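A quick write-up on the structure given underneath.
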Amino acid sequence: KQWYQRRVRGNIREHKLRCPDYQGCDPDDAFQDFSQRIKNYKKVYQTLSLELDRELTFIRVSNVTQFHINSVNSTIQSKSAYFLMNLRPHIQPTLYFTRHGETEFNMDGKIGGDSCLSENGRRYGEELGRFVREEGLSELPVWTSLMRRTLETGSYLPNTSVERYKALNELDAGQCDGLTYQQIETDYPEEFALRDLDKYNYRYPRGESYHDLCCRLEPVIMDLEKGGSVFVICHQAVLRCIVGYLLDIPVEEIPYIKIPLHTVIKIVPTAYGCEREDIKFGISSAITHRDKQSVESIEKRLIDAGINKVGSTYLWNGLLS
């Protein structure tokens, strides 16, 4: 019982006092107020019984690590149980993310592909290895994608625990892979305009959408939730999805999160979310970020491309109705 009381007091001071309700309050006064809340909760709290409530669907969590799952049937219910069982709120890992070093494709303005690092990309790899050693991060596990540019960047790190995840591969641009945005706009004007119209849900022909990518990354995110600190080397769109999840950014804004090259993104969990810190290395690189386009410019391109608009539905070559 004494251990339990110490743990509760520690949790209140470490986490609850940072909640918005107590901003600007005296810590002792806030502690007393929340302690009184707990007493009030006890007066009305009713424990779910595995015997008396067996007909109900519920997930009961005890002491963070004990789970009682009853009558879970649907896909959403199963995913909720899976999510809860992978959370480790008592573990507060610091997560490090970076894109690969600049590539030859980045210099040429091409998307996708599997090109090698440029000279500046290799310089970044060297500086990244020095950073890891100086910050005492050499013992962290390193995760990379299966693509050449992340493997080459990771080769400069002294870390011995390296895992490769296919799920961390960059968003598949399908038939637009290896093209520049200018080439896509010229060769596939409909696709270029439609992607700007709804970048999160748009799927490249024979490729993926950001929504597809988020679904692909679900197992990786669960591993991040339940594990310790890790150093991840991957790609722009992949990091947008992961950072968007960790910082609770609306899905429609995920495709526009800035993930610059030659930058380490440090994510630190807090009581009510996560904080992002960008560590820049001062090595020049191509700018691959493309800002959100205005509705007026998108509609002009749609008209120029011969795409009809009816209400909020765009009809492309009569394929959608």
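The values are calculated or read from the model by the stated rules, or taken from the named source; none is laboratory data. This one's a predicted model, so the numbers in the text were calculated from it and none came from an experiment. Because the Cβ atoms are built from the backbone with ideal geometry, glycine has one as well, and the counts that use them run over all protein chains shown. The area values use the complete protein model at the heavy-atom level, side chains included, leaving out ligands, DNA and RNA. Shrake-Rupley method; radii C 1.70, N 1.55, O 1.52, S 1.80 Å.
Sticking with the crude label model, points 7 Å out along Cα→Cβ, report the distance from N159 to V64 in nm, one decimal please.
Modelled inter-label distance: 2.3 nm.
Taking the structure as given and computing volume of the Cα convex hull per residue in Å³, which label from (i) 175; (ii) 130; (iii) 206 fits?
Correct label, based on the coordinates given: (iii).
For segment 168-261, what is the accessible area per residue in Å² when the probe is 1.4 Å? Walk me through the numbers on the way to the answer.
Details: 3650 Å² over 94 residues.
On a per-residue basis, segment 168-261 sits at 39 Å².
At 7 Å along the Cα-to-beta-carbon direction for both A271 and Q77, put a label point, then send me their distance in nm to one decimal.
If labels sit at A271 and Q77, their model points lie 3.5 nm apart.
For the chain, what is the percent of antiparallel DSSP beta bridges, rounded to the nearest 5?
On the way: 22 of 33 bridges.
Once the DSSP bridges in the chain are tallied, antiparallel ones form about 65 percent.
Roughly to the nearest percent, how much of the accessible area of segment 128-203 is carbon and sulfur, given a 1.4 Å probe?
Details: 1640 of 3810 Å².
Answer for segment 128-203 is 43 percent, counting heavy atoms of protein chains only.
Rounded, prolate or oblate, given the Cα gyration tensor of segment 113-161, with a/c below 1.5 counting as rounded?
Details: a/c = 3.58, a/b = 1.43, b/c = 2.50.
It comes out oblate by the Cα gyration axes.
Students often get this wrong, so check it: of K43/K226; K79/K199; K110/K258, which have C-alpha atoms separated by over 23 Å?
Values: K43/K226 33 Å; K79/K199 26 Å; K110/K258 18 Å.
Cα-Cα > 23 Å for K43/K226; K79/K199; rest within.
Let me have the 222 nm mean residue ellipticity of the chain computed from DSSP H runs of 4+ only, each contributing -39500 (n - 2.57), with the sum over all residues rounded to the nearest 500. Could you put the intermediate results ahead of the total?
Details: 12 runs with 124 residues, N = 321.
Computed mean residue ellipticity for the chain: -11500 deg cm²/dmol.
Angle, helix 295-304 long axis vs. longest principal axis of the chain, Cα atoms, 0 to 90°, nearest 10?
Rounded to the nearest ten degrees, it is 40.
Could you rank the peptides 65-73, 143-151 by their average count of other C-beta atoms within 10 Å per residue, with the highest value first?
Details: 65-73: 11.7, 143-151: 21.3.
Result, highest mean Cβ count within 10 Å first: 143-151, 65-73.
May I ask you to derive the FRET efficiency for R148 and T47 from their Cβ-Cβ distance with R0 = 51 Å, giving the value to the nearest 0.05?
On the way: r = 55 Å, r/R0 = 1.07.
Plugging the Cβ-Cβ distance into 1/(1 + (r/R0)^6) gives 0.40.
For segment 209-251, how big is Rg over Rh, using alpha carbon atoms and the Kirkwood form of Rh? Before the final figure, lay out each step's value.
On the way: Rg = 10.1 Å, Rh = 10.8 Å.
Expressed as Rg/Rh, it is 0.94.
Calculate how large, on average over all directions, the projected area of the Cα convex hull of segment 167-301 is; give the answer in nm² to one decimal.
Averaging across all directions leaves 9.1 nm² for the Cα convex hull.
Relative to the present Cα-Cα distance, how much length would full extension add between D304 and R9 at 0.36 nm per residue of separation?
Values: separation 295, 0.36 × 295 = 106.20 nm, distance 6.44 nm.
Net length gain for the segment: 99.8 nm.
Can you give me the three principal axis dimensions of segment 251-313 from its C-alpha atoms, in Å, biggest first?
46, 35, 12
Using only Cα atoms, tell me the angle between helix 75-86 and the longest principal axis of the chain; keep it within 0 to 90° and round to the nearest 10.
For helix 75-86, the angle is close to 70 degrees.
Treating cross-link reach as a plain straight distance, find the aspartates and glutamates whose alpha-carbon is under 16 Å from the alpha-carbon of K300, omitting any fewer than eight places away in the same chain.
Cα-Cα hits under 16 Å: E185, E190, E191, D196, D198.
Take the alpha carbon gyration tensor of segment 82-166, find the square roots of its eigenvalues, order them as a ≥ b ≥ c, and report rounded if a/c is under 1.5; if not, report prolate when a/b exceeds b/c, else oblate. Before the final figure, lay out the partial values.
On the way: a/c = 2.55, a/b = 1.52, b/c = 1.67.
Taking the square roots of the gyration eigenvalues as a ≥ b ≥ c, segment 82-166 is oblate.
Report, to the nearest 10°, how far helix 27-44 tilts away from the longest principal axis of the Cα atoms in the chain, using its own Cα long axis and a range of 0 to 90°.
70 degrees
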